[in-house]
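Here the structure is laid out as C-alpha cells; the discussion comes afterwards.
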Amino acid sequence: MSIQSIIGGKTWSSSTVSALLIPVAIFLLNIILKSLFIDSQDVAMDEPFSIFYAQHSIPFILEYFSTAAENNPPLYHIFLHYWIQLFGISAFSVRMLSTIFSALTAVVIYQLGVKFFNRPAAFASALVFSFSTMHIYFAHEARTYTLFALLNAVILFSILSLLRDPQARKHYYRIVLANIILIYSHYFGFIVIGLEVIILIIVRSNSAVWKKMFIVLAATIIAYIPFIPVLINRYSASVGGTWVAKPDITHVYGFINLFLNSKISTIVIISVIAIGIVIALKQLRLSEVLRTIASNKQMIVVFSWFIIPYLSMFFVSFWVPMFIDRYILFCSVPLFIFVLVLISLLFSSRLLQYSALALVVLSLIVTVELNPSNNRNLREVVEKIKKLKTKDNLVFISPVYADYGFTYYYNQKYFEDYRNNKNLMQSEGIYPVDEYENIKDLIASQNKDIIYLQAGNEYSDPDENLFLAFTKSYAYQKEVYSSGVYQINIFSNQ
C-alpha cells in the first residue's frame with residue numbers, strides 16, 4: 001500500500017512515511033511534554049552561573065573556562081551564548097535549548113531501536129525516555145546534561161553502526177565529531193571515550209576496525225590538546241574533595257528507580273520480564289532467547305554501555321564521588337533500550353509483546369511528573385529581601401556564587417549588564433561573601449543593620465563561621481525566613 005506524496009509527486013510506501021512521521025512525532029511529543037512547565041521552577045542552583053557567563057563574549061568564555069576552577073568545559077556555554085543572542089535570558093528561553101537536546105535524544109533512541117532491533121521496542125524505548133521524570137527535570141535546566149545524553153546516544157548508535165558496517169567511513173566521522181563536542185562539553189565525556197575502547201575489546205573487533213578507531217581516538221585527543229592542562233587541574237581538584245557525597249549500596253537500585261520514575265514502574269518492569277520468562281519457559285523458547293541475547297553483538301554492546309559506566313562510577317565514587325543523577329543520566333539511555341528490547345524478545349505472540357511493552361510505557365505515563373521540583377524558591381527569597389531592604393541595612397549573600405541567581409530575580413537589567421553587575425549590586429548595598437574578614441571593615445564603616453542570606457552554603461561554609469561571626473558581633477538577631485536551602489537572618493546594630 002502506498003500514498004501519493006504532495007512534494008514532487010513521488011509515491012512513498014507507508015513504511016517510508018512512518019519512517020519520517022514517527023521520529024517527527026516523537027520529537028514533537030518531547031517538545032510539548034518538556035515545555036509545558038519549563039519555566040515553572042525558579043532559575044537557581046548552577047543555572048544562573050551558566051546564563052551569566054554565556055552572556056559574555058566568546059573569547060572571554062574560552063579564557064574563563066580555560067583558567068577558572070569551573071566543573072565544565074566551555075562548549076555548552078558557547079552554544080548557550082548564541083542561543084541567548086537570539087532568544088534572550090528568560091527561563092523559558094534558556095531552558096528550551098536543553099529541551100531540544102532532550103527531544104533529539106528521544107529520536108536517536110527510536111532510530112537506534114529500529115535499525116538494530118525492532119520497531120515496537122524502539123517506539124516503546126523512545127516513549128519510556130520521553131516520560132522519564134529525570135529527563136524532564138534536566139530538560140528544564142539550562143545546563144549541559146541533556147547535550148551529554150544526546151551525544152552519548154549518537155556515539156552508541158555510531159558504534160553499533162560500524163560493527164555492522166565497519167567499512168563505512170561516515171560512522172567514524174560521526175564518532176570523532178561527537179567525541180570532540182562531548183569532551184568540550186563535560187569532562188566526564190572521557191568516560192564514554194574509554195567505553196568505546198572497552199566495547200571494541202568485548203566484541204573482539206578486527207584489526208581494520210581498530211586501525212580506524214585508533215585514528216578516531218587520536219584525532220579526538222589532538223583536538224583536545226589545548227584543554228589537557230585544564231583537565232589535569234580539574235582532576236586534581238576533584239581528588240581533593242568535592243560537594244558530591246559518597247554513595248551507598250542503595251544508590252545502585254535507587255537511581256534505576258529514578259530513571260524509571262518510581263518503584264512502581266520498576267516493579268511493573270520486573271513483573272513483565274518475569275511473566276515473559278515463564279511464558280518463554282512454557283513455550284520452550286527461553287534458551288533460544290538467551291542464546292540470541294548472548295550471541296547478538298548489539299545487545300551485548302547496549303547492555304555494556306549501561307552497566308560498565310554505571311557500576312564503575314559507583315565504585316570510583318568511594319574515592320572521587322561522582323555517582324549523582326546529573327553525572328549518570330547518560331547511563332539511562334542504553335538501560336531503556338536494553339530492557340524494552342529484552343521484553344520484546346521474551347514474548348513470541350505479537351499481541352502479548354505489544355501488551356507487555358504498552359504496560360511498561362503506561363507505568364511511566366502514570367508515574368511521570370511533568371513539573372518536577374528543583375526545590376528552589378529563589379524568587380520568593382528575593383522578594384522577601386526586597387521588602388526588608390532599606391537604606392539603613394546591608395545584604396550579604398553566601399556563598400559568593402549565589403549572587404548570580406539572586407541578581408537574576410532582584411534586577412534582571414543588572415544581571416544582563418554583566419560587566420558592571422557587581423558594582424551595580426554593591427551600589428544598593430548587596431554583597432556576596434564567604435569570609436567575615438573580607439567584610440569586617442565595610443561593616444564597621446557603614447554601621448548598618450545586616451540582612452544575611454544563606455543560600456546553600458553547606459559546602460563553602462559547613463561550620464557556619466559567617467553566621468557565628470555575625471552573632472558575636474551583633475546584640476540582636478532573628479530569623480525571618482527559612483525554606484529549603486535558604487535562610488534569611490537579620491542582625492540589628494542597635
> When the stretch 286-309 is examined, which residues are found to be free of Cβ contacts under 8 Å to residues at least 12 places away in the same chain and within 22 Å of the chain's Cα centre (by Cα)?
Replying inline: 307
> On the given criteria, is residue 349 more than 16 Å from residue 257 (Cβ to Cβ) and outside the structural domain of residue 267 (by TED's automatic domain parsing)?
Replying inline: no
> Restricted to the stretch 12-49, and to residues that are at pLDDT below 95 and small (Gly, Ala, Ser), which residue is nearest to residue 486 (Cα to Cα)?
Replying inline: 44
> If you take the residues in the stretch 247-285 that are without any contact (Cβ under 8 Å) to a residue 60 or more places away in the chain and touching a helix residue (DSSP H, G or I) at 6+ places or on another chain (Cβ under 7 Å), which one is surrounded by the most Cβ atoms within 10 Å (Cβ to Cβ)?
Replying inline: 266
>> Given the criterion within 23 Å of residue 45 (Cβ to Cβ), out of contact with any helix residue (DSSP H, G or I) (no Cβ under 7 Å at 6 or more places or on another chain), free of Cβ contacts under 8 Å to residues at least 12 places away in the same chain and not hydrophobic (A, V, I, L, M, F, W, C), identify the matching residue among 413, 472, 440.
In response: 413
> Restricting to the stretch 307-332, what's the tally of residues that are in a helix (DSSP H, G or I) and either closer than 19 Å to residue 141 by Cβ or touching a Phe, Trp or Tyr at 6+ places or on another chain (Cβ under 6 Å) (or both)?
Replying inline: 10
> If we only count strands (runs of 3 or more DSSP E) wholly inside the stretch 429-494, which ones have 1 or more residues that are more than 23 Å from residue 414 (Cβ to Cβ) and among the charged types (D, E, K, R)?
Replying inline: 476-483
>> For the list (1) out of contact with any Ser or Thr (no Cβ under 8 Å at 6 or more places or on another chain); (2) modelled with pLDDT under 95; (3) more than 27 Å from residue 369 (Cβ to Cβ), I need the number of the one condition that residue 78 fails.
In response: (2)
> Could you say whether any residue in the stretch 464-477 is surrounded by 15 or more Cβ atoms within 10 Å (Cβ to Cβ) and either basic (Lys, Arg) or under 13 Å from residue 384 (Cβ atoms) (or both)?
Replying inline: no
> Taking into account only those residues within the stretch 352-399 that are over 24 Å from the mean Cα position of the chain (by Cα) and of a type in the set (Val, Ile, Thr), which is modelled with the lowest pLDDT?
Replying inline: 390
>> If I filter the stretch 288-300 for residues that are closer than 28 Å to residue 254 by Cβ and outside any helix (DSSP H, G or I), do I get at least one hit?
In response: no
> Just checking, which of 335, 290 is within 22 Å of residue 133 (Cα to Cα) and not acidic (Asp, Glu)?
Replying inline: 335
>> Here is a list: 484, 405. Which entry is of a type in the set (Gly, Ala, Ser) and surrounded by fewer than 20 Cβ atoms within 10 Å (Cβ to Cβ)?
In response: 484
>> Could you go through the stretch 57-68 and let me know if any residue there is within 25 Å of residue 364 (Cβ to Cβ) and either among the aliphatic types (A, V, I, L, M) or in a loop (DSSP other than H, G, I, E, B) (or both).
In response: no
> Going through the stretch 382-409 one residue at a time, which ones are of a type in the set (D, E, K, R) and not in a helix (DSSP H, G or I)?
Replying inline: 389, 391, 392
>> Name the single residue that is surrounded by the most Cβ atoms within 10 Å (Cβ to Cβ) among those in the stretch 200-227 being within 26 Å of the chain's Cα centre (by Cα) and of a type outside the set (A, V, I, L, M, F, W, C).
In response: 220
> Can you tell me how many residues in the stretch 363-396 are in contact (Cβ under 8 Å) with a residue 12 or more places away in the chain and either β-branched (Val, Ile, Thr) or under 13 Å from residue 269 (Cα atoms) (or both)?
Replying inline: 10
>> Going residue by residue through the stretch 409-430, is there one that turns out to be touching a His at 6+ places or on another chain (Cβ under 8 Å), on the phi < 0 side of the Ramachandran plot and in the same structural domain as residue 460 (by TED's automatic domain parsing)?
In response: yes
> Among (1) at pLDDT 90 or above; (2) within 21 Å of residue 407 (Cβ to Cβ), where does residue 449 come up short?
Replying inline: (2)
> For residues in the stretch 69-92 being assigned to a loop (DSSP other than H, G, I, E, B) and crowded, with 18+ Cβ neighbours inside 10 Å, which is nearest to the chain's Cα centre (by Cα)?
Replying inline: 72
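The values are calculated or read from the model by the stated rules, or taken from the named source; none is laboratory data. Please read all numbers here as calculations on a predicted model, not as lab measurements. Ideal geometry is used to build each Cβ from the backbone, glycine not excepted, and the neighbour counts take in all protein chains shown.
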